[in-house]
Amino acid sequence: MAGVFNLERHDGELEADLALRAEVARLYRLTGADTVLTFDPDWAGQIHPDHRAAGRVAVDAYMPSKMPLYRPEQLVEGVGLGKVERILAFMTGEPDVVVEVTGVYEQKMAACRAHVSQFPEGDKSLEWMKRLDEERGKKVGVRYAEMFKQIGVW
């Protein structure tokens, strides 16, 4: 399932509470996502409270999404239990997964530019990301790379 889901939380006020956990678990079930990309909620260098909360709720919603007794009203026709197989955390101090993104880099930048609320000046707003992706790429001998910490799931 493709699409954009906006949970309508105010910038700077995100909390990893039970209501948000239920909403995210519902999205895991609804979309059938097998991979979650999120902020590393445990990285000591993550000082943005919204980023910590987003990472925490993304991880915390994983297990409830797979439990049939958790919010059974979410399990309507065509919606089954969550299918997440892996959680990859970015903005981490302990990366253990490297992905070369050279072949899709322009698509990545186009997607970021489309997210105007976060990158209001287009390419100028993305210069830091491009430098970071280039630095990561140099470490593994490619032009652009992203690095993640895999969070164990079962």
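The values are calculated or read from the model by the stated rules, or taken from the named source; none is laboratory data. Note that the coordinates shown come from a computational prediction; the quantities given were computed from them, not determined experimentally. In this analysis, Cβ positions are derived from the backbone assuming ideal geometry, glycine residues included, and neighbour counts consider all displayed protein chains. Side chains are part of the model used for accessible areas, which takes the heavy atoms of the whole protein and leaves out ligands, DNA and RNA. Shrake-Rupley method; radii C 1.70, N 1.55, O 1.52, S 1.80 Å.
Observations on the model:
- ILE47 - accessible surface, heavy atoms, 1.4 Å probe, Å² rounded to 10: 140 Å²
- Rounded to 10°, Cα long-axis angle of helix 49-60 versus longest principal axis of the chain: 50 degrees
- The chain, relative contact order in percent, only Cα pairs under 8 angstrom and at least six apart counted: 25 percent
- Here r is the Cβ-Cβ distance between LEU132 and VAL4 and R0 is 25 Å; the resulting FRET efficiency, rounded to 0.05, is 0.55.
- Bins of 5 Å from zero: percent of alpha-carbon pairs in the stretch 13-55: 6, 21, 25, 24, 16, 7, 1
- 16 Å Cα-Cα reach of LYS66 towards lysines, excluding residues that sit fewer than 8 places from it in its own chain: LYS83
- Eligible aspartates and glutamates near LYS139 by straight Cα distance, threshold 14 Å, same-chain separation 8 or greater: ASP96, GLU100
- Projecting the alpha carbon convex hull of the stretch 42-88 along each direction and taking the average yields 4.1 nm².
- Ordered by 1.4 Å accessible area with all protein chains kept, TRP128, TRP154, TRP43 run largest first as TRP154, TRP128, TRP43.
- Placed amide H near PHE39: partners under 5 Å, 5+ positions off or other chain: GLY55, PHE90
- Estimated from helices alone, the mean residue ellipticity of the chain at 222 nm is -10500 deg cm²/dmol (sum of -39500 (n - 2.57) over DSSP H runs with n ≥ 4, per residue).
- Percent of beta bridges antiparallel (DSSP, the chain, rounded to nearest 5): 60 percent
- Under 14 Å from the ARG86 label point (7 Å along Cα→beta-carbon), backbone N, the stretch 14-29: none
- Here the Kirkwood formula puts the hydrodynamic radius of the chain at 16.9 Å, using every distinct Cα pair.
- Nitroxide proxy distance, nm - points 7 Å out along Cα→Cβ at ALA33 and HIS48: 1.6 nm
- Taking the longest Cα principal axis of the chain as reference, the axis of helix 105-114 is set at about 60 degrees.
- The length gained by stretching the chain between GLU77 and ALA110 to full extension, at 0.36 nm per residue less their Cα-Cα distance, is 8.4 nm.
- Extension gain, GLU15-VAL97: 0.36 nm per intervening residue step, less the Cα-Cα distance, totals 26.7 nm.
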